[in-house]
Structures are given as C-alpha cells and as structure tokens.
1. Kindly evaluate P230 against the criterion of being surrounded by fewer than 24 Cβ atoms within 10 Å (Cβ to Cβ) and not in a loop (DSSP other than H, G, I, E, B).
2. Out of (1) assigned to a helix (DSSP H, G or I); (2) farther than 11 Å from I260 by Cα, what's the single condition that is false for M38?
3. Only residues that are surrounded by fewer than 24 Cβ atoms within 10 Å (Cβ to Cβ) and in contact with a Leu (Cβ under 8 Å, 6 or more places away or on another chain): list them for the range 306-320, please.
4. Out of all the residues in the range 233-248, which are surrounded by fewer than 24 Cβ atoms within 10 Å (Cβ to Cβ) and not hydrophobic (A, V, I, L, M, F, W, C)?
5. Run down G202, G213 and say which single residue is in a helix (DSSP H, G or I), buried (at least 23 other Cβ atoms within 10 Å of the Cβ) and at pLDDT 75 or above.
6. Can you tell me which condition F246 does not meet? The list is (1) of a type outside the set (G, A, S); (2) modelled with pLDDT of 80 or more; (3) outside any loop (DSSP other than H, G, I, E, B), and all the others hold.
7. Can you say whether F257 is outside any helix (DSSP H, G or I) and touching a helix residue (DSSP H, G or I) at 6+ places or on another chain (Cβ under 6 Å), as far as the supplied structure shows?
Amino acid sequence: MDGRPAVRVPAWSWCAILTGAFLAGAAAHVAGAPAPYMLAGLLLGAALALSGLVTSVLPRRLYRVSQALAGVMMGGYIHPAALRAAAPSLLPLTVVTAATILLSVGIARFLERTGLDRRTATLATVPGGAAAMLVASDELGADTRLVALAQYSRMAMVAVTAPLVVPLLGPGSPGGPRAGEPHSPVSPLMLRLVDGADQTAGLLVLCAVAVLGGQVGRRLSLPAPFVLGPMLVTVVATFSGAAHGFRPTGLLQTLVFTCIGLEIGLRFSRDSLRYARRVLPWIVAGTVLVSAVSALLAWLLAGLTRLSFADAYLATTPGGINAVLAASVATHTDVGLISSVQSLRLFAVVTLAPVLIRITFVRSGHRPAAAGRDETCRSRAERP
C-alpha cells in the first residue's frame with residue numbers, strides 16, 4: 001500500500017505474531033471488549049506496521065485460507081429462514097444500498113477538488129470490495145497507495161466502531177438466525193473447530209468446500225473469489241442438504257477473525273500516512289460522512305420494515321465484508337441477512353465501479369495512465 005520494501009518474514013515470526021494476537025484477543029475477551037480477536041489483531045498489526053517491525057502483509061496462502069474460511073462462515077449463516085425474513089425488506093434494502101453507493105460516488109467527485117484524480121477518488125471511496133478495488137486501481141492507473149489507504153482506513157473504522165455502536169442500537173431482529181455465543185478462552189467449547197458433532201468429518205468437508213469454492217470463484221471470475229466462491233458453495237451445500245456441520249467455530253473461528261484483523265492493521269505504515277497527509281483528512285471526513293448517512297438510512301429502513309436498527313445498520317454500513325461479518329457475529333445480529341446484503345453490494349460495487357470509470361474516461365478522451373505505483377503496490381494489488 002506504500003513504497004516500503006517487501007521484506008520476507010520467516011514462518012516462525014508469523015506464528016509468534018499470530019499467537020500474540022490470539023492471546024491479546026483472549027485477554028480482550030475476558031475484559032469484555034467487543035469483537036475482541038479481530039480488534040486485537042487489527043491493533044497489533046497496525047502497531048507492528050507503523051513501528052516498522054513488520055514491513056509486509058500476511059503470507060498469501062494464509063490470507064487466502066482466512067478468506068475462504070470467512071466465506072464459509074458467511075455462507076453457513078445464510079439459511080432459508082434468513083432469506084424468508086429478508087424477503088419483505090429486499091426492495092428498501094436495495095434502495096438504501098444504491099443510495100450508499102451513489103453517496104460514495106458523490107464524495108469522490110468532491111475529493112477531485114482536493115487534487116485527486118477521478119479514478120483514484122472513485123476507487124478510494126466506493127464501499128466494499130477493498131481487495132478488488134486495489135486490483136482495479138492498478139489496472140486503471142489510479143494511485144494504488146491512496147486507494148489502499150482509504151479502503152483499509154474505512155475497514156478499520158467500521159471494525160472498531162461497529163461493535164461499539166451496535167449494542168447501543170438495540171437487539172437484532174427477533175426470530176432471525178443468530179451466531180452462537182462467543183466462548184470463553186478457557187471453555188472446552190473453544191477447542192471445537194466446526195459446529196458439527198463429528199469434528200473429523202466436519203473438517204474434511206470444510207477443507208473440500210473451501211478448496212472447491214476457491215476454484216469456483218476463480219473460474220467464474222467473481223470479485224474477491226476466495227471469499228464469495230466458498231460462500232456460494234456453502235450456500236448450495238446447505239440448501240441442498242448435501243453437507244452440514246462444517247461451519248468454523250470456536251478456536252478456528254477466532255483464528256480467522258484474528259487473521260482478518262492482522263491483515264487490516266498490517267496495511268498501514270508511516271510512509272503511506274506521510275504520503276497521504278494532505279488528502280487523508282478529506283478521506284477520513286468522507287468516510288465519516290458516508291457512515292453517518294448510512295446510519296441515518298438504516299434508521300429510516302428500520303422504521304419502514306420489520307428489521308431492527310442494529311441489523312439494518314450492519315447490513316448497509318460501508319465497511320469491508322469480513323469486518324462486518326466479525327462485528328455481526330460478535331454482536332449477535334442477523335448474520336444471514338447481513339451477509340446476503342453485503343455480498344450483493346460487493347457484487348454491484350466491484351462490477352460497476354471499473355466500468356463507470358472506463359466509460360467516463362473514454363467519453364472524455366483520456367486514457368488511464370499509471371499514477372504513483374511501484375512494484376510493491378503492484379504485487380499487493382494482485383492479491384485477491
């Protein structure tokens with residue numbers, strides 16, 4: 001996300017970092033912190049990156065595994081009951097989602113006045129699909145460093161604030177599917193890896209679904225293929241009754257959330273902050289404005305439908321889908337509904353944003369050209 005050299009971190013160092021993040025999350029859980037494992041990983045990752053102790057993001061394989069398992073978790077929470085409960089609210093949910101996207105595009109136009117080019121401003125502000133936006137920024141000649149900083153700053157803000165805000169909004173929708181209660185770090189239930197009775201069979205199915213889902217995601221050229229591919233395969237397996245009891249839980253779930261937090265935190269560095277210091281206040285202000293308007297729209301949506309304010313807020317908040325998933329699980333809201341709406345917006349944003357930018361520049365006679373990229377940015381943008 002910046003110009004710092006990519007230094008290879010030994011495997012044992014990553015084991016130590018993950019262990020430290022997990023222990024910090026366990027301590028935060030005991031202290032009653034919201035979404036403790038994700039927040040602990042995020043704070044530790046940011047501290048390591050900003051101090052210069054770690055100058056790379058998570059290893060590609062570990063990153064893909066955490067993405068695939070997060071996708072399986074999202075798919076596992078989507079039940080027929082969740083879709084039936086969401087059906088009466090699909091139209092207003094779609095309207096609110098479209099309004100959020102349009103607001104982000106409007107803020108992007110304002111950011112152009114601060115000196116950002118249109119490609120960078122648009123890709124920096126559209127909600128969801130951070131990894132895909134980095135790929136698009138590299139292909140369209142946008143400034144990858146600013147796009148990454150803006151996208152992951154928003155993810156961090158949502159990851160930190162959502163677990164704090166949601167409990168103040170009231171309980172989730174009555175009768176909706178819920179995530180299980182988070183287990184104590186010393187609870188025997190913490191040793192469970194999947195939610196089925198047969199742990200061995202569940203783990204084998206989980207591995208098969210994750211691998212197959214990744215292949216399906218890449219074959220179909222899905223945005224964020226290692227998240228949405230496993231999610232789709234999980235939904236098919238769950239709805240068809242072909243498999244069950246393989247959703248990550250307990251220790252495995254907390255490790256996934258720890259990796260998600262680390263991945264977000266490690267995206268920051270002092271160099272990137274110095275580079276973006278002129279436009280960063282405007283980017284943060286735009287993020288706060290989008291989040292505030294999204295909360296207002298969620299309040300209106302809750303008043304017009306049977307959804308609770310908490311469910312509507314998390315379903316429409318412009319954060320990364322992984323961060324919102326972790327917040328939803330931690331706050332016991334309707335994960336199935338929230339995953340469905342966030343996934344639909346991810347598809348819409350990733351599909352439409354590059355197309356709109358290309359159309360804009362073709363009509364204006366401009367050709368996308370590289371802006372502020374380097375080999376480090378390019379290698380990171382190529383990551384799914």
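1. On the way: surrounded by fewer than 24 Cβ atoms within 10 Å (Cβ to Cβ): no; not in a loop (DSSP other than H, G, I, E, B): yes.
So P230 does not fit the description; no.
2. (2)
3. Filtering the range 306-320 for residues surrounded by fewer than 24 Cβ atoms within 10 Å (Cβ to Cβ) gives 306, 308-309.
Once the filter is applied, which keeps residues that are surrounded by fewer than 24 Cβ atoms within 10 Å (Cβ to Cβ) and in contact with a Leu (Cβ under 8 Å, 6 or more places away or on another chain), the range 306-320 yields S308, F309.
4. The answer is T238, S240, G241, H244, G245.
5. Numbers: G202 fails: buried (at least 23 other Cβ atoms within 10 Å of the Cβ).
Every option except G213 fails the conditions.
6. Condition not satisfied by F246: (3).
7. Numbers: outside any helix (DSSP H, G or I): no; touching a helix residue (DSSP H, G or I) at 6+ places or on another chain (Cβ under 6 Å): yes.
No, not satisfied.
The values are calculated or read from the model by the stated rules, or taken from the named source; none is laboratory data. Just so it is clear, the structure is predicted and the values come from calculations on it, not from any experiment. Virtual Cβ from ideal backbone geometry, glycine too; neighbours counted across all protein chains shown.
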